């Protein structure tokens, strides 16, 4: 397994174990790893990410503490999930792949934005603007706590915007999908993109464009602004459609013996 030079930890200039954790999460996001898969062993991950095995162990520990992987003694490290979340007669997998979740959001949230432009109240507009103002302040701060607050405010914007659309089923679905507690894989992947101050500021601008269109009652423009935002988010997280990582599954399930088809004599 090899990574291009642009994906080496030293090139990125960041803490090495975070780089390894990101590579594993990116493999999850792109569908190269799914829940139940066993991760490559320490040696393979170290070679793929061009780091030492101790760095790989640190990355696995961080992901284990976050509930993303499970280390099974003598069996290896496995990607795990946490089941299903019920709500309004719907079930949303909490172990859903981040890329698939975003694809569904791209189908639903533009329509939520369009409906908001038709039905939102002045009080709801004020609330959403307050979220954006707070997010802009948090985007300019450098602490880890401010980054967490920025992410929480972003997700609250999407959740509360869908609440204002006037369609309860649409709101229930979107609110489940942007709940970071229900979707730890998405939360961790989303965290990757907000380390850059430029990215944080761009997200604020995209959200403001959505809200401005809603406030002015331009429903088609609101839909378009949400489409642009989610497509930009997709590009920031996943890049091009071509996978940028070589971290792949090793074995999903124990090998089963094939049935004996030989005829009896």
Inset, instruction - For each of 33, 115, count neighbouring Cβ atoms within 10 Å of the residue's Cβ, then give the residues from fewest to most. - result: 115, 33
Legend entry - Proxy reagent accessibility, fewest Cβ within 10 Å first, across 125, 205, 102: 205, 125, 102
Inset, instruction - In nm, give the distance between the simple-model label positions of residue 75 and residue 53, each being 7 Å from the Cα along the Cα-to-Cβ direction. - result: 2.2 nm
Legend entry - Enclosed volume per residue, in Å³, of the convex hull spanned by Cα atoms of segment 17-69: 67 Å³
Inset, instruction - Treat the count of other C-beta atoms within 10 Å as a stand-in for reagent exposure and order 22, 145, 42 from fewest to most. - result: 145, 42, 22
Legend entry - Full-stretch length increase - residue 218, residue 104 - with 0.36 nm per residue and alpha-carbon distance subtracted: 38.7 nm
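Throughout, read-outs are computed from the coordinates displayed, never taken from laboratory work. All values derive from a computational prediction rather than experimental measurement. Heads up, the Cβs are rebuilt from the backbone with ideal geometry, glycines too, and the neighbour counts pull from every protein chain shown.
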